[in-house]
Amino acid sequence: MPVKTLSPERLKRFHDMVDDYPNKRSMLMMTLRLVEEEFGCINDEAMEIAADLCGVTPAHVQGMVTFYTHFKRSAHGKHRFMVCATLMCALDGNTDQALKQIESKLGLKPGQRTQDGLFSCEKVECLADCDKPPVVQKDFEHFCSMKGKALDDYIESLLKLENKTSAEYQNSSGVEMDLRISVLPSHYNFEGETESGARQFDDKDPYFKPGEAPRTTSVPPPLLTPLTAPVADGVNMNGAQHG
Amino acid sequence: MADATPFSPVILKHIHEPGSHTIEHYQARGGYETARNLVGTAEPASLVKIVEDSGLRGRGGAGFPTGKKWSFLAKGTGKPAYLAVNGDESEPGTFKDRYILEKDPHQLLEGVILTCWAIQSNHAFIYLRGEFILGYERLEAAVREAKAKGFIGKNIFGKNFDLKVVVMRGAGAYICGEETGMLSSIEGGRGYPKIKPPFPAVSGVFKCPTIVNNVETIAAVSHILKHGAAWHKQWGTEKSPGFKIFCLSGAVKNPGVYEVPLGITMREMIEVYGGGLIEGRTLKAVIPGGLSAPLLTPEMVDKCTLDYESLASLGSMLGSGGITVLHDGVDLMSAVYNTMRFYHHESCGQCTPCREGTGWLEKLAHKFHGGHAHSGDVDLVGEVAKNMRGRTICVLADAAAMPMQSYLQHFRGEFEKRTHEPAHVERLRTPRDEITPTAKRESVQHGAPNVVDVGMGMDRV
């Protein structure tokens, strides 16, 4: 069993979605958004919860989370700056300027996180607002033409929110973010494992509303004809040679 | 075709009005009336015929005729049909769908309702890219409003037709803009494209017949079914009728979205709508249809009109309509490097020619950008690009190779300027007494006043 589960209110949102999708697996993208909202990022625990909710293995969820770069991971800072570095924004040095400003305020180079884990900065690909470069996203806030005073003021407001000053960060260098998945999550307690070693994933889903039929993936019935080659009459299959 | 009425924007007509994203505003301008009149009463096949007659072509990039695509939908399979609306607008240089989703989501929903009736589907997915935050909120709100009014849900408009509209969010994968990649993502997997055939119209999402259309296409459908095919055909050229939203970015005075009839000249787009180039700069090249479109030189720009055929005849494509203007100060080698870094980052990794080829192109472009490429690398670039094309499941490999080939074709000199012979080769070729101690090379002058470097470094986090 996962260590935590979703809050009742988000679990309700999950149940509200059920009717919209033909199967549980297809709810994974939206479920990952729910767990991301719940935990602030997608960590190992969140991945297991999403896997349980959608009836897939945690390995599949890991594969999803590492494929889609927009999901926030535990390695990212609490405030995650994403600066568009694709050609249209990079023209005329717009991206460079935004990155330089972030570096001068927070001491962060792209791909780094502050040592206290509050801020991180990374370059991302096109954010689709190419007429107003540079485009910067901070978690789920979107800014266009984000350079000069606007960017400085915004960083200052975040620093104020966290009771920090930019002087605290200017002298310390950031740490590189490691977005790889650890081999075993630190909280992994082997609960729910069977003697054969693997965790059991069955269709008895604790998250579905009482009274509602669980959405199971039906197991195909056993084949009527066994998958063996037809044997001609009169051939001894026990190895005895005739004649 | 003579213009019967002068063109004024259709899809973007109301985006500057406050509150244009609300259902009250949309209904006040006659919204949902077309759907109310047609759903449940009009013959679905007749709607497909209207869209086919209008000559509407897919606005996502490939330009496939929409009505024809709808008519390919497999019927009588016993499986439900799905509509998947592609709002994963990730082609760099394109931002038209953002305006539709944020400013006028209800016309998209009306288009979805009409399309679902036309193809007899009861279930539509609208897949947005994860970075569209306001767009997602507004579209979700719009779906809720439409549900409350009974335009979506069970028994819509009281016409005994059920329709589910589900808004989904991606999470930052360019490949999910490819139609089968998007369907894989809807199914809850990595956004891996699938081999075609079978085409989605036969076996798409959940192995059911699926129609995949771009947001702009669906938005245009609601207007075409309101005014008719002849109305749509009065603009544009014979093979590319209608109007299209173009996204202008780069070195122009007024970048932004402009909805114009197809077939206007590229010069008009840049000079009139874009206000001309920024002061003190001249035109170097234009990327006409998103980053993957082969670029146009100034001479080709003079000949170019904005329709599918003209751009195809110039060896490029209209694509998604994202026009980027590069001025004379842009260091092309850094632009190439930036472009190739993008494709290497976004390759999904299924097919070897793409996964490895984009990496090769990025590394080679990095060599040219830094000025340490050898003379043989120019041909190597062309060779790698040639061998990537047409050998993969989806067209991402082509999308990376096409701009590279066009840079090489039109600006080979710029590549050659950045090369030098490796010292040992040079020594073999030159007589002993002529050997100079350093090989001749030109590298980009970082921070030089007249050169704009957009390469953005090797790290890609």
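The values are calculated or read from the model by the stated rules, or taken from the named source; none is laboratory data. Since the structure is predicted, the reported quantities are computational estimates derived from the model, not experimental observations. As a convention, Cβ positions derive from the backbone with ideal geometry for all residues, glycine included, and neighbour counts pool all protein chains shown. Surface areas here come from the heavy atoms of the whole protein model, side chains and all, with no ligands, DNA or RNA. Shrake-Rupley method; radii C 1.70, N 1.55, O 1.52, S 1.80 Å.
Go through the residues of the stretch B:153-161 one by one and say whether even a single one is of a type outside the set (A, V, I, L, M, F, W, C) and facing another protein chain (nearest Cβ under 10 Å).
Going residue by residue through the stretch B:153-161, those that are of a type outside the set (A, V, I, L, M, F, W, C) are B:153-155, B:158-160.
Narrowing further to those that are facing another protein chain (nearest Cβ under 10 Å): none.
The answer is no; no qualifying residue exists.
In the list A:145, A:172, A:186, which residue meets the criterion of being at pLDDT 90 or above and either over 27 Å from the mean Cα position of the chain (by Cα) or assigned to a loop (DSSP other than H, G, I, E, B) (or both)? Give the derivation first.
Working: A:172 fails: at pLDDT 90 or above; A:186 fails: at pLDDT 90 or above.
That would be A:145, the only listed residue that is at pLDDT 90 or above and either over 27 Å from the mean Cα position of the chain (by Cα) or assigned to a loop (DSSP other than H, G, I, E, B) (or both).
For the stretch A:36-46, give me each residue that is part of a helix (DSSP H, G or I), surrounded by fewer than 24 Cβ atoms within 10 Å (Cβ to Cβ), away from chain B (no Cβ under 11 Å) and without any contact (Cβ under 8 Å) to a residue 40 or more places away in the chain. It would help to see each step written out before you state the result.
Start the filter on the stretch A:36-46 by keeping residues that are part of a helix (DSSP H, G or I), which leaves A:36-39, A:44-46.
From what is left, the residues that are surrounded by fewer than 24 Cβ atoms within 10 Å (Cβ to Cβ) are A:36-39, A:44-45.
After this cut, where a residue has to be away from chain B (no Cβ under 11 Å) as well, the list is A:37-39, A:44-45.
Scanning the stretch A:36-46 gives A:37, A:38, A:39.
Out of the residues in the stretch B:130-152 meeting the condition of being open to solvent by 30 Å² or more (accessible area, probe 1.4 Å) and within 12 Å of chain A (Cβ to nearest Cβ), tell me which one is farthest from residue B:397 (Cα to Cα). Please lay out each step first, then the result.
Keep residues of the stretch B:130-152 that are open to solvent by 30 Å² or more (accessible area, probe 1.4 Å), which gives B:134, B:136-138, B:140-141, B:144-145, B:147-149.
Those left that are additionally within 12 Å of chain A (Cβ to nearest Cβ): B:134, B:136-137, B:140, B:144, B:147.
Details: B:134: 31, B:136: 30, B:137: 33, B:140: 34, B:144: 39, B:147: 41 Å.
Once the filter is applied, the top-ranked residue is B:147.
For residue A:95, are the conditions met, namely being hydroxyl-bearing (Ser, Thr, Tyr), open to solvent by less than 10 Å² (accessible area, probe 1.4 Å) and more than 17 Å from the chain's Cα centre (by Cα)? Walk me through how you get there before you give the answer.
Details: hydroxyl-bearing (Ser, Thr, Tyr): yes; open to solvent by less than 10 Å² (accessible area, probe 1.4 Å): yes; more than 17 Å from the chain's Cα centre (by Cα): yes.
Against the criterion (hydroxyl-bearing (Ser, Thr, Tyr), open to solvent by less than 10 Å² (accessible area, probe 1.4 Å) and more than 17 Å from the chain's Cα centre (by Cα)), residue A:95 qualifies.
Go through the stretch B:193-209 and count every residue that is at pLDDT 95 or above and within 11 Å of another protein chain (Cβ to nearest Cβ).
0
If you check residue B:127 against the conditions, is it at the interface with another protein chain (Cβ under 10 Å from one of its Cβ atoms) and open to solvent by 10 Å² or more (accessible area, probe 1.4 Å)?
Values: at the interface with another protein chain (Cβ under 10 Å from one of its Cβ atoms): yes; open to solvent by 10 Å² or more (accessible area, probe 1.4 Å): no.
For residue B:127, the condition - at the interface with another protein chain (Cβ under 10 Å from one of its Cβ atoms) and open to solvent by 10 Å² or more (accessible area, probe 1.4 Å) - is not met.
So, restricting to helices (runs of 4 or more DSSP H) that lie completely within the stretch B:6-87, which ones have at least 1 residues that are within 15 Å of residue B:227 (Cα to Cα)?
Per the criteria, B:33-38, B:44-54.
For the structure I just gave you, tell me whether residue A:75 is more than 7 Å from every other protein chain (Cβ to nearest Cβ), at pLDDT below 95 and either assigned to a helix (DSSP H, G or I) or within 17 Å of the chain's Cα centre (by Cα) (or both).
Numbers: more than 7 Å from every other protein chain (Cβ to nearest Cβ): yes; at pLDDT below 95: yes; either assigned to a helix (DSSP H, G or I) or within 17 Å of the chain's Cα centre (by Cα) (or both): yes.
Criteria met by residue A:75.
Give me the pairs: first residue in the stretch A:15-29 and at the interface with another protein chain (Cβ under 7 Å from one of its Cβ atoms) and within 20 Å of residue B:171 (Cα to Cα), second residue of a type in the set (Ser, Thr, Tyr) and in a helix (DSSP H, G or I), beta-carbon distance under 9 Å, and six or more apart or on different chains, which are they?
Between residues of the stretch A:15-29 that are at the interface with another protein chain (Cβ under 7 Å from one of its Cβ atoms) and within 20 Å of residue B:171 (Cα to Cα) and residues that are of a type in the set (Ser, Thr, Tyr) and in a helix (DSSP H, G or I), the close pairs are A:29/B:185.
Among the residues of the stretch A:53-72, which ones are more than 10 Å from chain B (Cβ to nearest Cβ), surrounded by fewer than 21 Cβ atoms within 10 Å (Cβ to Cβ) and part of a helix (DSSP H, G or I)?
A:58, A:59, A:62
Helices (runs of 4 or more DSSP H) wholly in the stretch B:334-415 with at least 2 residues that are open to solvent by 30 Å² or more (accessible area, probe 1.4 Å) and free of Cβ contacts under 8 Å to residues at least 40 places away in the same chain - which ones?
Numbers: elements: B:352-370, B:376-388, B:396-410.
Because the criterion is at least 2 residues that are open to solvent by 30 Å² or more (accessible area, probe 1.4 Å) and free of Cβ contacts under 8 Å to residues at least 40 places away in the same chain, the helices (runs of 4 or more DSSP H) in the stretch B:334-415 that meet it are B:352-370, B:376-388.
If I filter the stretch B:143-164 for residues that are of a type in the set (D, E, K, R) and in contact with a Leu (Cβ under 6 Å, 6 or more places away or on another chain), do I get at least one hit? Let's see the steps before the verdict.
To start, the set of residues in the stretch B:143-164 that are of a type in the set (D, E, K, R) comprises B:144-145, B:147, B:149, B:154, B:159, B:162, B:164.
Imposing the further condition that a residue be in contact with a Leu (Cβ under 6 Å, 6 or more places away or on another chain) reduces the set to none.
No, there is no match, as no residue in the stretch B:143-164 is of a type in the set (D, E, K, R) and in contact with a Leu (Cβ under 6 Å, 6 or more places away or on another chain).
Any residue at all in the stretch B:294-311 that is closer than 23 Å to residue B:256 by Cα, within 14 Å of chain A (Cβ to nearest Cβ), in contact with a strand residue (DSSP E or B) (Cβ under 9 Å, 6 or more places away or on another chain) and touching a residue at least 12 places away in the same chain (Cβ under 8 Å)?
Looking through the stretch B:294-311, at least one residue is closer than 23 Å to residue B:256 by Cα, within 14 Å of chain A (Cβ to nearest Cβ), in contact with a strand residue (DSSP E or B) (Cβ under 9 Å, 6 or more places away or on another chain) and touching a residue at least 12 places away in the same chain (Cβ under 8 Å).
Which residues, counting only those in the stretch B:67-81, are touching a Leu at 6+ places or on another chain (Cβ under 9 Å) and within 9 Å of chain A (Cβ to nearest Cβ)?
Result: no residue meets the conditions.
Do any strands (runs of 3 or more DSSP E) entirely within the stretch B:196-261 hold 3 or more residues that are within 30 Å of residue A:23 (Cα to Cα), and if so, which? Give the steps one after another, and end with the answer.
Numbers: elements: B:210-214, B:243-250, B:256-261.
In the stretch B:196-261, the matching strands (runs of 3 or more DSSP E) lie at B:210-214.
Within the bounds of the stretch A:117-138, is there any residue that is more than 11 Å from chain B (Cβ to nearest Cβ), within 26 Å of the chain's Cα centre (by Cα) and open to solvent by 40 Å² or more (accessible area, probe 1.4 Å)?
No: the stretch A:117-138 contains no residue that is more than 11 Å from chain B (Cβ to nearest Cβ), within 26 Å of the chain's Cα centre (by Cα) and open to solvent by 40 Å² or more (accessible area, probe 1.4 Å).
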